[in-house]
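Comments concern the structure below.
Just so it is clear, none of the values below were taken in a lab; they were calculated from the coordinates. Bear in mind the structure is a predicted one, so any value in this text is a computation, not a measurement. Note that each Cβ is placed from the backbone with ideal geometry, even for glycine, and that neighbours are counted across all protein chains shown.
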Amino acid sequence: MSANFHHRLPQNVPGKFYIIDQCLDCDLCREVAPNNFKRWDEGGYSFVSKQPETPEELNLCLEVVQGCPLNAVGSDGDMHDWATPIHGDEVKPWWKFW
């Protein structure tokens with residue numbers, strides 16, 4: 001199972017990689033690829049702070065995708081529109097509030 005782009009965290013920088021709202025803050029991504037992942041202290045989770053710019057960074061980010069225990073790191077962000085709402089942020093028609 002892979003990460004669902006529509007559940008991405010708002011702190012992610014747009015690009016190929018992203019972290020979703022299922023991150024349990026295990027620190028794996030920050031240990032493996034510290035140049036690309038940071039911790040959001042207020043929320044207690046990690047996010048993509050910088051997309052990979054070198055082959056080495058790309059390989060480390062791919063290692064994070066494979067190693068994440070909850071499959072909370074996605075690698076298909078470049079196939080999506082980053083302007084689409086994040087799950088839960090959608091504007092609901094007035095009749096769906098009842």
- Item | Residue ID - nearest to GLU57 (Cα to Cα), chosen from residues in region 1-19 that are of a type in the set (A, V, I, L, M, F, W, C) and surrounded by fewer than 22 Cβ atoms within 10 Å (Cβ to Cβ) | VAL13
- Message: Quick check on ALA83: is it aliphatic (A, V, I, L, M) and without any contact (Cβ under 8 Å) to a residue 24 or more places away in the chain?
- Response: yes
- Might you check whether a residue that is under 16 Å from LEU70 (Cα atoms) and surrounded by fewer than 18 Cβ atoms within 10 Å (Cβ to Cβ) occurs anywhere in region 44-51? yes
- Query: Restricting the search to region 49-78, which residues are under 20 Å from PRO10 (Cβ atoms), outside any loop (DSSP other than H, G, I, E, B) and touching a helix residue (DSSP H, G or I) at 6+ places or on another chain (Cβ under 8 Å)?
  - Reply: VAL64, VAL73, GLY74, GLY77
- Task: Would you mention how many residues in region 20-38 are in a strand (DSSP E or B) and surrounded by fewer than 17 Cβ atoms within 10 Å (Cβ to Cβ)?
- Result: 1
